[in-house]
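Chemist: Sharing a structure below in structure tokens format, with a few things to ask.
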Amino acid sequence: MLAENLKQVEANIADACRRAGRGREEVTLIAVSKTKPVSMLSEIYDCGVRDFGENKVQELCEKRELLPGDIRWHMIGHLQRNKVKYIIRDAALIHSVDTYRLAEEINIQAKKVKRIVPVLIEVNIAGEASKFGIPAEEAMQLTEEIARLDSIRIQGLMTIAPYVENPEDNRQYFRKIRELSVDIAKENIDNVSMGVLSMGMTGDYMVAIEEGATIVRVGTGIFGVRK
Ligand SMILES: *Cc1c(COP(=O)(O)O)cnc(C)c1O
């Protein structure tokens, strides 16, 4: 059953890429497995998926222990500074950096394990009070500050768009963050690339791909609704 869901998501991604004139290989699908049992992750792993996203440190660590070592684990949720040390070795990409203080802690822990850690800057593109992420107007400055930390590499931006019934309503936000990433790229900041745009979830990943997403994060569409 999960294989069928995945097939449908893959077909939708391929359609969106075609509409946008983009190659399928330009978009990475992350299977967002939060709250779901390891057996379900295994099923999706067996279908060939290697990128999994979790939003809690403890859950990511527990699942990592039980699943194959070639999985790329993405930290997509709000990250507390005191938990950075638990994922510093194994996070393939930390999507949720939105303060200098958090980046500083990632830098300290990264040095300890002699790793250069790839991160994304999380932007609260719609300015929602309920969401984490730096306001769009402050993203450039935060990027410049974090870029000076030598054990971190900023690879792009991430956003969680508003919850909407009609995915078209989020097109404006996807466009806006893409423009922001182009603006930041133009600054040519040392140690910063803007190649990654992590945006689009079950409700709106097709629109996100049409607007330039290079990573989509799909949970419900693959694993079914969460309790
Ligand atoms: C839960 C979550 C997702 C996936 O949401 P779905 O609507 O189930 O696809 C994507 N990104 C983040 C940051 C999440 O927390």
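The values are calculated or read from the model by the stated rules, or taken from the named source; none is laboratory data. Model, not experiment: these values are computed from the prediction. Positions of Cβ are backbone-derived with ideal geometry, glycine not excepted, and every protein chain shown enters the neighbour counts. Heavy atoms of the whole protein, side chains included, go into the accessibility calculation; ligands, DNA and RNA do not. Shrake-Rupley method; radii C 1.70, N 1.55, O 1.52, S 1.80 Å.
Chemist: Tell me, which residue of region 9-20 that is in contact with a helix residue (DSSP H, G or I) (Cβ under 8 Å, 6 or more places away or on another chain) and surrounded by 12 or more Cβ atoms within 10 Å (Cβ to Cβ) is farthest from SER39 (Cα to Cα)?
Modeler: Within region 9-20, the first condition is being in contact with a helix residue (DSSP H, G or I) (Cβ under 8 Å, 6 or more places away or on another chain), and the residues that meet it are 9, 12-17, 19-20.
Okay, now just the ones that are also surrounded by 12 or more Cβ atoms within 10 Å (Cβ to Cβ), so 9, 12-17, 20.
On the way: VAL9: 20, ASN12: 25, ILE13: 25, ALA14: 27, ASP15: 29, ALA16: 30, CYS17: 30, ALA20: 35 Å.
So, considering only residues that are in contact with a helix residue (DSSP H, G or I) (Cβ under 8 Å, 6 or more places away or on another chain) and surrounded by 12 or more Cβ atoms within 10 Å (Cβ to Cβ), the one farthest from SER39 (Cα to Cα) is ALA20.
Chemist: May I pose another question? State the number of residues belonging to region 90-110 that are within 13 Å of the chain's Cα centre (by Cα) and polar (S, T, N, Q).
Modeler: 1
Yes or no, residue by residue, for (1) at pLDDT below 95; (2) within 15 Å of PRO162 (Cα to Cα); (3) within 16 Å of the ligand (Cβ to nearest atom):
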site	(1), (2), (3)
ARG178	no, no, no
ALA185	no, no, no
ASN191	yes, no, no
MET199	no, yes, yes
GLY203	no, yes, yes
ALA213	no, no, yes
ILE222	no, no, yes
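Chemist: Sticking with this structure for a sec: So in region 54-107, with the set limited to residues that are in contact (Cβ under 8 Å) with a residue 40 or more places away in the chain and hydrophobic (A, V, I, L, M, F, W, C), which one is surrounded by the most Cβ atoms within 10 Å (Cβ to Cβ)?
Modeler: ILE76
Chemist: Given (1) crowded, with 22+ Cβ neighbours inside 10 Å; (2) outside any loop (DSSP other than H, G, I, E, B), where does GLU137 come up short, assuming only one miss?
Modeler: Only one criterion in (1) crowded, with 22+ Cβ neighbours inside 10 Å; (2) outside any loop (DSSP other than H, G, I, E, B) is unmet by GLU137, namely (1).
Chemist: Can you tell me how many residues within region 181-203 are crowded, with 19+ Cβ neighbours inside 10 Å and in a strand (DSSP E or B)?
Modeler: Count: 5.
Chemist: Considering only residues that are of a type outside the set (A, V, I, L, M, F, W, C) and over 15 Å from ARG72 (Cα atoms), look in region 27-47 and name the one that is least open to solvent (accessible area, probe 1.4 Å). Before you say what the answer is, go through the steps one by one.
Modeler: Filtering region 27-47 for residues of a type outside the set (A, V, I, L, M, F, W, C) gives 28, 33-37, 39, 42-43, 45-46.
Narrowing the set further to residues that are over 15 Å from ARG72 (Cα atoms) leaves 35-37, 39, 43.
Working: THR35: 88, LYS36: 26, PRO37: 66, SER39: 79, GLU43: 79 Å².
Among those that are of a type outside the set (A, V, I, L, M, F, W, C) and over 15 Å from ARG72 (Cα atoms), it is LYS36.
Chemist: Further, regarding this structure: Considering only residues that are within 15 Å of ALA213 (Cβ to Cβ), of a type in the set (A, V, I, L, M) and in a helix (DSSP H, G or I), which ones fall in region 1-40?
Modeler: Within region 1-40, VAL9, ILE13, ALA14, ALA16, ALA20 meet the criteria.
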